[in-house]
Amino acid sequence: MTPLGRVWFVTAAYATLYFVLGADRYLTYRSGADLGLFTQSIASVFHGFTNTVEGGSHFTFHFSPILYLCAPLLLATHSPRALVAIQAAAGALAIPPLYLLAKRRLPERVALGIALVGALYPPLAGVTFTDFHELGFATAATLWLLWAVDGRRFGWAALFVAVVLAIKEDQGLILAFGALFGIVYFWRRREPAGIAFSAGAGIAALATFALYFGVVRPLAGAHDAWHPLHFYVWSSVVDPRGTAAWWSIGRPAYFLEALVPLTFAALATPAFLLALPGFAECLLSHESLTYTMGQHYAAVWIPYVLGAYVFGIERLHDRKPRLAFNLVRASMLLCLAILAFASPTHWGHFLGPRIAHDAALERVLAKLPPDLEVGTHDEIYAHLGFDPNASLGLKRNPRFALFDRSYYSAWWVADIRPVLLAGLRTGRYRLVSSDDGIDLFERVAR
């Protein structure tokens, strides 16, 4: 098998492994709300791209036309596992461009080692394994873009610019910064074609960003402030849960979690500057969720850090080849150790065998009408994405409420359970059925 063939074999194995792991998480009712949200949105591809969590079109929250490409497989299989498979494949497709980028600059064995580092990199594993999200496409698309630009394949690069900009609106600002970096890079090398491409990419990025807020959001039905702003408006914080002070140790720890597995080699090149906008997006938030490894947010900086790792190893290899090779081997060992003992995927929590209670949940859901107006919690909502009326909690005042007594979360204890219990005491809700602690309640008409 050729070296490139081996890389594609690892890519296929990676996609297969993470699909199996993601399917296990789904089938044992440990998937979260995002899987339900995106299933609901994509399943309504011909009816507004709507979901109940965001209260309307997903495009009022994010600009993600790439999600339209997910619709055929989701609708054909009629299963959220289609999205699990898509995200597993998207994560895997980050491995070949990393190898090809390294192969252009480094010996074969070093390039293969770097590809394996990418396959084992814990932050990428976290993004691939977590619930489906549009940012799952960002790592591979951006690395293919870096490969194309580095090889002066500007036709391919233009295609990948379009793909990146179709993922999420924040990619517009991140790519605009990268375009500015590219202009300086090619200017210093006196490459007019590179300067022209970078300038064009920057204009396209800023135009897409402006188009989303000026045209797409209003057309999608947005009438209020852009919801993700709440991450960055510190003065308006009213809910202390999840909020972290600006001096929180979590921020530098997050930075270390990104760089330690790569033996800090990504810092050996100015290309690391490309990762700064992504880090800023995560670290400037007042909610620690955005800089918790294992969440999808990390995808905004992962491709740039991995790209900088290639260029950093190249710089070190030019001076001390043996040191560079040893650093790649050390990176592989560190990644393996982190995945085994401190994985951001939290294997122990999210994976396990199917038990009788899972079968009971499946039995209860199978009896529900397809368009039931029902409120529930994350893990059940993840299985109800094809029901356009399924929602989280009781905020939408649904006719039915479905809850699992074995379920626990801070949100359930603080916000949902008290409302349900008060409703039962006042006669607002009545128990309709119960199966193995899975209770279906109906709101009493008055």
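The values are calculated or read from the model by the stated rules, or taken from the named source; none is laboratory data. Since the model is a prediction, treat every value here as computed from it, not as a measurement. Note that we place each Cβ from the backbone using ideal geometry, even for glycine, and neighbour counts take in every protein chain shown.
Brief remarks follow.
- The lone criterion from (1) surrounded by fewer than 22 Cβ atoms within 10 Å (Cβ to Cβ); (2) touching a Phe, Trp or Tyr at 6+ places or on another chain (Cβ under 8 Å); (3) of a type in the set (Ser, Thr, Tyr) left unmet by Ser288 is number (2).
- Lone qualifier among Ala166, Ala158, Ala141, Ala162 - being over 21 Å from Tyr291 (Cβ atoms) and either surrounded by 20 or more Cβ atoms within 10 Å (Cβ to Cβ) or of a type in the set (Phe, Trp, Tyr) (or both): Ala141
- Of all residues in region 81-103, at least one satisfies being part of a loop (DSSP other than H, G, I, E, B) and at pLDDT 95 or above.
- Here Phe63 meets the list (1) out of contact with any Asp or Glu (no Cβ under 6 Å at 6 or more places or on another chain); (2) touching a residue at least 40 places away in the same chain (Cβ under 8 Å) almost entirely, failing just condition (1).
- Residues being in contact with a helix residue (DSSP H, G or I) (Cβ under 6 Å, 6 or more places away or on another chain) and closer than 29 Å to Ser406 by Cβ - total across region 39-69: 3
- Test: residue in region 28-37 that is β-branched (Val, Ile, Thr) and not in a loop (DSSP other than H, G, I, E, B): no
- Failed criterion for Ile86 (all others in (1) in contact (Cβ under 8 Å) with a residue 60 or more places away in the chain; (2) under 17 Å from the mean Cα position of the chain (by Cα) hold): (1)
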